[in-house]
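Each value in this text was obtained by applying a stated rule to the coordinates, not by laboratory testing. Only a predicted model underlies this, so the values are computations on that prediction, with no experimental measurement involved. Neighbour counts run over all protein chains shown; Cβ positions are idealised from the backbone, glycine included.
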Amino acid sequence: MKKVLVLATDYDVLCKDGLKMLRDFGCEVGFNAYGRPYTYEELTQVMGDVDGVIANMEVWNKASMDASPKLKVIARFGTGYDSVDLEEAKKHGIVVTNCPGLNAPAVAEHAVALLFAAVRDVPRLDRTTKEGGWERTMFHELSGRTVGILGLGHVGQNFARMLKGFGCNIIAYNRTPRPELEKALGIKQCELDEVLKESDYLSIHLGSNAGTYHIINAERLAMMKKEAIVVNTARGVLVDERAMLEALQSGQIAAYATDVFEREPVDKENLLLTQPNYICTPHSSGQTFENYRNTGIATAQAVIDVLSGREPANRRA
């Protein structure tokens, strides 16, 4: 019997179709015992006889792969796979897969929700009204505003489609220009600096790699309009949090709304949490029933394919 360890949280509750596929295939299935990514020490205690993993965001490097002598497949529960050393996986004969595009509608919707909350200052008005205040405030409408998008992958494209419905002028930066998307989405592609300078609102949808680490830093924040709002549902390390804190405090940026952090779970001492023009959620943009069902099926199929000797979809290593 093959042993599969599911480190993605709540898989047994929210991914019952995928779980049934694994069990029907004859797998013994174990689950995440902590409700968060495992540390290396925790992995070493459980990986000795595991054939397949449905991975959360734990680090898969040489050390963790050395501690997994039977491991044949790491199926990432989601799009990003920056926590997996692909070269080491190849050396260890471990297949790595991901699920591109499946969470795109969910993440894009969350980005829109964060943008709306920041534009209309919803958290503050909710709090002050409940406290007995009546702080009626003037806002800009979305129609006619310029929205910048960094990254035109699946999530960025979904976000663009949603915002077009509000009459926004959309400009975008993608590391590799994609001219075919301009007509399809009704957007204009620009260089990074132009997007930063022209955007009233900016939404980040880039992958995490050496080239995008702290792509939003003090120098680039200084290029932006003082009334600009930044939304991040991609990866926390894309934004230099110290620089963002200073920009919020100085009024260089009007607001920052994010679902992701440089360190997760977020440190309660993080000074961003004290800022009135800061909105955050706990890396939950992909937390929809539809996304979990679809991703559960996709990851189960990837594990089954590899353990059956078949080529899986969306292989990365």
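Note the direction-averaged projected area, equal to a quarter of the hull surface, for the Cα convex hull of the range 104-280, in nm².
On the way: hull surface 40.8 nm².
Reported value for the Cα convex hull: 10.2 nm².
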Practice item. Please report, in whole Å, how far the alpha carbons of the range 6-125 spread along each principal axis, starting with the longest. Key: 54, 32, 26
Point to revise | Inter-part distance where the range 178-243 and the range 82-156 are each reduced to a Cα centre, Å | key: 13 Å
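Given 25 °C and 0.890 mPa s, how large is the Stokes-Einstein diffusion coefficient of the range 84-158 in µm²/s, with Rh as the Kirkwood radius over Cα pairs? List each step's numbers first, then the result.
Values: Rh = 16.2 Å.
The calculation lands on 151 µm²/s.
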Exercise for review: Return the long-range amide H neighbours of Ser203 (sequence gap of 5 or more, or a different chain), with a cut-off of under 5 Å between placed amide H atoms.
Suggested key: Gly148, Ile149, Leu150, Val231
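If you take the square roots of the eigenvalues of the alpha-carbon gyration tensor of the range 180-303 and sort them as a ≥ b ≥ c, do you get rounded (a/c under 1.5), prolate (a/b over b/c) or oblate? Could you put the intermediate results ahead of the total?
Numbers: a/c = 2.08, a/b = 1.26, b/c = 1.65.
It is oblate, given that a/c is not under 1.5 and a/b is not larger than b/c.
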Review point. Under 17 Å Cα-Cα from Lys20, which lysines qualify once same-chain neighbours fewer than 8 residues away are excluded?
Key: Lys2, Lys3
Exercise for review: Pull up the cross-link candidates among the aspartates and glutamates for Lys72, meaning alpha carbon to alpha carbon under 13 Å and not fewer than 8 places away within one chain.
Suggested key: Asp49, Asp51, Glu88, Asp305, Glu311
**Study point:** Correct option for P(r) over Cα pairs in 10 Å bins from 0, in percent [calculated from the coordinates] among (i) 5, 18, 17, 14, 11, 9, 8, 7, 5, 3, 2, 1, 0, 0; (ii) 6, 25, 30, 22, 13, 3, 0; (iii) 6, 22, 22, 21, 19, 9, 2, 0
**Key:** (ii)
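Would you mind giving the average projected area, over all directions, of the Cα convex hull of the range 231-317 in nm² with one decimal? Let's see the in-between values first.
Numbers: hull surface 30.4 nm².
Over every viewing direction, the Cα hull of the range 231-317 projects on average to 7.6 nm².
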Revision key, fill the gap. Expressed in angstrom, Rg and Dmax over the Cα atoms of the range 25-93 are 11.3, 30
Practice item. Mind sorting Glu262, Glu41 by how few other Cβ atoms lie within 10 Å of their own Cβ, fewest first? Key: Glu41, Glu262
Point to revise | Calculated [θ] (222 nm, deg cm²/dmol) that DSSP helices of n ≥ 4 give over the chain, each run adding -39,500 (n - 2.57) | key: -10000 deg cm²/dmol
Check your understanding: Can you list the HN-Hα couplings for the range 86-101, worked out from phi with the Karplus curve (6.51, -1.76, 1.60; θ = phi - 60°), rounded to whole Hz and with x for Gly and Pro?
Key -> 5, 5, 5, 4, 4, 4, 8, x, 9, 7, 10, 10, 9, 10, x, x
Exercise for review: Hand me the tally of lysine pairs in the range 104-280: alpha carbons under 21 angstrom apart, and the pair either on different chains or 8 or more positions apart.
Suggested key: 7
